[in-house]
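The numbers here are math on the coordinates, done by the rules we state, and not lab data. The structure displayed is predicted, hence computed values, not measured ones. In this analysis, Cβ positions are derived from the backbone assuming ideal geometry, glycine residues included, and neighbour counts consider all displayed protein chains.
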Amino acid sequence: MGHHVSPIRQQWVTNTDYYAQITEDISRPIEAKPNLRWIAAFALSFLVLMLFVGAVTWTIWEGIGTWGLNKTVGWAFDITNFVFWVGIGHAGTLISAVLLLFRQAWRNSINRATEAMTIFAVICAGMFPIIHMGRPWLGLWFLPLPNTRGSLWVNFNSPLLWDVFAISTYFSVSLVFWYLGMMPDFGSIRDRMKRQGMKIGSKIFALLAMGWDGSNRTWSRYELVSLVLAALATPLVLSVHSIVSMDFATSVIPGWHTTIFPPYFVAGAIFSGFGMVQTLLIVQRYVYKHENYITLDHMESIAKIVIATGSLVGLAYMTEFFIAWYSGSIWERYIFINRAFGPYWWAYWIMFSCNVITPQIFWFKKIRRNMVITFIISIFINIGMWFERFVIIVTSLHRDFLPSSWAMYTPSWVEASILAGSFGLFFTFYFLFAKFLPTINMFEVKTLLHHPKQPKHTFEVGEAN
Amino acid sequence: MAHGKHFTQEELTERLVIPQKIRRTIYGAIGLGLVLLIFGLLTAKAPSGHVDHDTHDTHSALVDNSSLHKTGGQDHDQHEDKEHGHDDHGEHAEEAHGGGHGHGPQHTITKYTSFFANFLLNNLYFLTLAMGAMFFVAVHQIGNSGWHTAIKRVPEAFTMWLPVAIVGLAVVAIFGNQLYDWLAVPEGADALIDKKRAYLNLTGWVIRGIIFLGGWYLAARVLRRFSLREDELGGVSFFKKSNGVAAGFIVFFGFTYVLFSIDWVKSLEPHWFSTMFGVYFFAGTMATVSAVMGLFVHFLRRLGYMAYVNDAHVHDLFKYAFGFSIFWGYIFIAQYLLIWYSNLPEETMYYDTRFEYYHFWFGLKITLCFIVPFLGFMTRNAKRIPKMFVPIGILMICGHWVDLFLMIMPGSVGEHWHFGLTEIGMFVTFAGLFALVVLTVMSKANMVARNHPYLEESVHHSTGAV
């Protein structure tokens, strides 16, 4: 964009005039002692994490039999949680990579926190396949490692194995991207801590900064690597959830086997990811007083993405429904009628109203800028997207091809605790991040400052010819 | 690079005058196209029922494959099937589809069928350009994009092709029963089509067509009128009003483009269904229109216009071409892989027909729509240097034609596809008309949206290091 900026162009960071102010605002919480509010929040999430640990221990000790699964519904809560968390993990990389390629300046304030969210969400997701194995100590069998087990080998035809590759690739690239983006900030914090005589802190950040010196050469390498990683990460945004969708779509189960699944899952993942971004950022900007960096304009842009992706998800729901009818296949038609009006009708309509109808109120500018309402809607989106996966998975299974095998599924307390506990795992990580690492990308926000007040124009807006 | 140069209001005021040479070339192309077309038509023969043995064998093998699957057979070798694949394919197809009808269209194929199919193809081809351009304009409008302002009049002019497309599709509709099984086959003859008649019927089809095309054209007109009024009056009010229209259009477009692709393309094979189809149609649209816009802008710059457009704009357009062709590849493989993997006969039949009679075209499609742009546009310079982007762009243009050919022909003419003078002639005629319409529309207004609030950003656009 250079120095020529339209007078009507949105300015993202306007209430801060100095670079030093930004460094101070972002670094201070890292250097200070944790405040009471943080301790309380962290303690609560740690408690919930203990619930997770307890429920998982019980599952592994006693076996998968502690869950509510039956012969007909052999996949339910566990895989729902898995897909839910992978989905949450999509917004971060979209913001850091795709929005970078699209030159969206507003990503600068929010990329750090959302990338962190991505990584923690993928960690949560990764737990579930391991738990579901029942014998997690055999988790290494996921990998095509040379072994002495004879013909026992991973099944390359299985989309579940593709998941292993897709998610581990995604996780690695996201982690590297996230870490790399923090290095310049680590350098700044290291130097600040040194000046303040914080010996241990400055040592730790010196290690983390890996000798960042802020020289021209370092910066030019940094920018090149960022772009290469952004280009690598962009297809990954699409591939991960496409592969996840194939866990279902490669089957011949009506309601699972449908060709639109890959892009539809990706749209849903971005949607749910942005829902979670709203939830977290609203809390963060309030608790850390980051309103000058994560402004209402940022929240408005996020809300616009939420409408777009929510409507895309709605379009996909309707397409599926319509094509089920259009196919003329009795199984397809039945499964969709059953989804909406069968025994799990309530789950379907929770999904539909939370994902398609609620976000539509973001069409109003006032609501996009109202943080209380946005927060409530974001919670609805999180609920709706969890139910989307539940609906897809359970309603397609519970009425088997033989009516004698029809069954209902009810989760046991163990499964419910694992789901609740996974939020503990997520928030424990997130609060640790929010306390000990820079939650906003300091140097990228700095690039948004100091635009010329009034660029020299050859014409004035509003002036005829 | 124009970066840093200031443009005065005089420099930003320019009208396109179509040079005589170009005008003559276009008329010549249209004339030549028509001659080829007429000659092709005169020499056309009614398709014979003959199928050569090689393809017949493969055909039976594939049909066998799906019918066996249906009766429970799973892991079997295709080569084995080839050996005993000499039975009459009709019988097998009947088993396979359950609907009582085999591969290929059920309507009578006359020597004009392929003409109408070809006419439909070209109408859709240029309609996708107009609609892709419309989507481009609308998305950049609501995305607050600055960079595209300098080239905005090009996609705007593309959208003004819509009236021609509407006339063309109306003609197709009149002769619809030449192409669409569900229009040609009487009620009661095909159980599966009968199940869909609530949607696939003449009245509904025509009404939907009017709503879709009318709505798109209305939105295109309004956006263009706002844009032109802004040239005269300035101010940001037109820009702000355009936001609402663009947002409304995108929502309308999302739903209608999916249904449109079903109505006009997918329903050529009314037994087959795929939820992905609309997305696939959209992906091809966007990849092609990006390349065509890039070539058009390059062409206008070569003529000496648009001094305020620099390599960065062209670069960005071909970035889109690159990105969307990857997206096309992704959508293609996702649809194909899922159908292949599940191996359900009601879905695989779509690819069966294509593998049997269109094997060459299938490979050509993947090459031109994905492999060429993917490898070709990978580097930065390829998107900036005409020696690279012109040939790659032209190959992409051909690729979209092949893609539509593969979507349309198997359902309308079955195995009797034809490629020759008629096809080339018709495409050349349409391309000439399209160029004429777009250039004429462009000549009616200033070449650049000179009072657009983001124009200053756009004329100083730079992609930076990448």
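Structural remarks
- Listed by chain and number, the lysines placed with their C-alpha closer than 27 angstrom to that of B:K196 are B:K70, B:K266; residues fewer than eight positions away on the same chain are left out.
- Potential lengthening between A:A40 and A:V154 on full extension [0.36 nm per residue; Cα-Cα distance subtracted]: 36.6 nm
- Counting only other chain Cβ atoms within 10 Å of each residue's Cβ, the peptide B:252-259 averages 2.
- Neighbours of A:L160 by Cβ distance under 13 Å: Lys/Arg scored +1, Asp/Glu scored -1, total -3.
- Averaged over the residues of A:307-320, the number of partner chain Cβ atoms lying within 10 Å of the residue Cβ comes to 3.
- Axis of helix A:296-327 versus longest Cα principal axis of chain A: the two differ by about 20°, to the nearest ten degrees.
- Seen against the Cα atoms of chain A and their longest principal axis, helix A:216-249 is set at about 20 degrees.
- Peptide A:322-331 - average C-beta neighbours from other chains (10 Å radius): 6
- Here the simple spin-label model places points 7 Å from the Cα toward Cβ, and for B:F299 and B:I210 these points are separated by 3.5 nm.
- Footprinting exposure proxy for A:S242, B:S227 (fewest neighbouring C-beta atoms within 10 Å first): B:S227, A:S242
- The stretch A:218-331 shape via C-alpha gyration tensor axes, a/c threshold 1.5: oblate
- Ranked B:I339, A:I110, B:I38, criterion: other C-beta atoms within 10 Å, fewest first: B:I38, B:I339, A:I110
- Sorting A:361-367, A:80-86 by their mean Cβ neighbour count within 10 Å, with the most densely packed peptide first, gives A:80-86, A:361-367.
- Hydrodynamic radius (Kirkwood) for chain B, which is based on Cα pairs only, to one decimal in Å: 23.6
- Peptide ranges A:383-395, A:41-53 listed from the most packed, as the mean C-beta count within 10 angstrom indicates: A:383-395, A:41-53
- Mean Cβ neighbour count within 10 Å, used as a protection proxy, ranking A:335-342, A:32-39 highest first: A:335-342, A:32-39
- 10 Å beta-carbon shell around B:S267, net charge (K/R +1, D/E -1): -1
- Degrees, to the nearest 10: B:345-357 long Cα axis against longest axis of chain B: 80
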